[in-house]
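Report on the structure given below.
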Amino acid sequence: MNAADEEVPRAVERELPHIARAIDAIVERLENNGHLFYLGAGTSGRLGVLDASECPPTFQTPPELVQGIIAGGDRALRHSIEGAEDSPEQGKRDLLDRGFCSKDALVGIAASGRTPYVLGGLELARSLGAIAIGLSCVPDSEVARAADIAITPVPGPEIVTGSTRLRAGTATKLVLNMLSTGVMIRLGYVYGNLMVNVQPSNVKLVDRARRIVAQIADVSYEEATRLLDQAGSVRIAILMHKLNLTRPEAEARLAGARGRLRAALAPSLA
């Protein structure tokens, strides 16, 4: 298995230009009040839901900004609902039920490249004028042909024939990591390699938030703790310290920079 998996990152590497195009397209939609949707069935759907669910705790995004939809609904996350993927119309309905519209971006995920549920979603996206991105692991697939941007890592045959949770699943996870993280970096949710939008919602994350403030503001851990208590968030704490601002002033400055810490710290914003 380990030897077989060595091909996966090489397969993803060959798709980097398409991944970059997809990131650009998604950022453009999100900067104009759009949303990112992942749509898939089975393993592909679960990976989409997983990636979407990680965005709020990692980047403090609103839960509706990145949404994962799996054929068969939430029950399908734990139970196999095989027939759920066979209806293209259900894929369309599930998107529309979430408010999907022309401003949004869709990543339709189907390792096989031919899942009707996903093809229906891609068809809807294109008919509405939304951006349709197809992620599959088969060359020249139906999903690729149905998309505006096709991302097609081809990692080779599975060691258990047809078990796409293996090499194809790993390739899919790597691509989704790049898409969501690349988008959030472009949107300013990351400063350098630091999660400046992290939600200090448990002991581990409180410690991480303090260490991020200490590193960027160049203060002691104890001073970072005090700043964070005053500010309520990592970005506001950093702005208050580095620019000698009150909390309301820092909040206004960050809002003027559309939440981008680097832009808020720039003298040109003054």
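The values are calculated or read from the model by the stated rules, or taken from the named source; none is laboratory data. Values in this document were obtained by computation on a predicted structure and should not be read as measured data. Cβ placement follows ideal geometry from the backbone for every residue including glycine, while neighbour counts extend to all protein chains displayed.
Here are the numbers for this structure:
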quantity: Lone qualifier among Arg253, Arg258 - being among the charged types (D, E, K, R) and at positive phi; calculated: Arg258
quantity: Inter-residue pairs, beta-carbon under 9 Å, first over 16 Å from Ser44 (Cα atoms) and in the same structural domain as Arg46 (by TED's automatic domain parsing) and in region 137-165, second polar (S, T, N, Q) and surrounded by 17 or more Cβ atoms within 10 Å (Cβ to Cβ), 6+ apart; calculated: Pro139/Thr152; Asp140/Thr152; Ala147/Ser136
quantity: Some residue of region 243-263 being free of Cβ contacts under 8 Å to residues at least 24 places away in the same chain, aliphatic (A, V, I, L, M), surrounded by 15 or more Cβ atoms within 10 Å (Cβ to Cβ) and not in a helix (DSSP H, G or I); calculated: yes
quantity: Output for region 74-95, where each listed residue is at pLDDT 95 or above and within 23 Å of Leu179 (Cα to Cα); calculated: Gly91, Lys92, Asp94, Leu95
quantity: Every residue from region 187-230 that is closer than 20 Å to Pro62 by Cβ and part of a helix (DSSP H, G or I); calculated: Leu205, Ala209
quantity: One residue from Ala224, Ala237, Ala217 being in contact (Cβ under 8 Å) with a residue 24 or more places away in the chain and either crowded, with 21+ Cβ neighbours inside 10 Å or β-branched (Val, Ile, Thr) (or both); calculated: Ala237
quantity: Residue in region 43-50 that is among the hydroxyl-bearing types (Ser, Thr, Tyr) and more than 28 Å from Leu205 (Cβ to Cβ) present; calculated: yes
quantity: Boolean, Arg235 is more than 20 Å from the chain's Cα centre (by Cα), at pLDDT 90 or above, outside any loop (DSSP other than H, G, I, E, B) and under 30 Å from Val107 (Cβ atoms); calculated: yes
quantity: Residue in region 99-112 that is surrounded by fewer than 24 Cβ atoms within 10 Å (Cβ to Cβ), part of a helix (DSSP H, G or I) and at negative phi present; calculated: no
quantity: Subset of region 140-153 [at pLDDT 95 or above and assigned to a loop (DSSP other than H, G, I, E, B)]; calculated: Ser141, Ala147, Asp148, Thr152, Pro153
quantity: Condition broken by Pro157, with the remaining ones in (1) farther than 24 Å from Pro17 by Cβ; (2) touching a Ser or Thr at 6+ places or on another chain (Cβ under 9 Å) satisfied; calculated: (2)
quantity: Search result, residues across region 155-177 that are surrounded by fewer than 22 Cβ atoms within 10 Å (Cβ to Cβ) and among the hydrophobic types (A, V, I, L, M, F, W, C); calculated: Ile159, Val160, Leu166, Leu174
quantity: Test: Asp97 is among the charged types (D, E, K, R) and over 27 Å from Leu16 (Cβ atoms); calculated: yes
quantity: Matching residues in region 1-52 - criterion: being outside any helix (DSSP H, G or I) and under 18 Å from the mean Cα position of the chain (by Cα); calculated: Glu15, Glu31, Asn32, Asn33, Gly34, His35, Leu36, Phe37, Tyr38, Leu39, Gly40, Ala41
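Listed here are the residues, each with its yes/no results for (1) surrounded by 15 or more Cβ atoms within 10 Å (Cβ to Cβ); (2) among the charged types (D, E, K, R).
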{"site": "Glu13", "(1), (2)": "no, yes"}
{"site": "Leu16", "(1), (2)": "no, no"}
{"site": "Ile23", "(1), (2)": "yes, no"}
{"site": "Gly40", "(1), (2)": "yes, no"}
{"site": "Arg46", "(1), (2)": "yes, yes"}
{"site": "Ile69", "(1), (2)": "yes, no"}
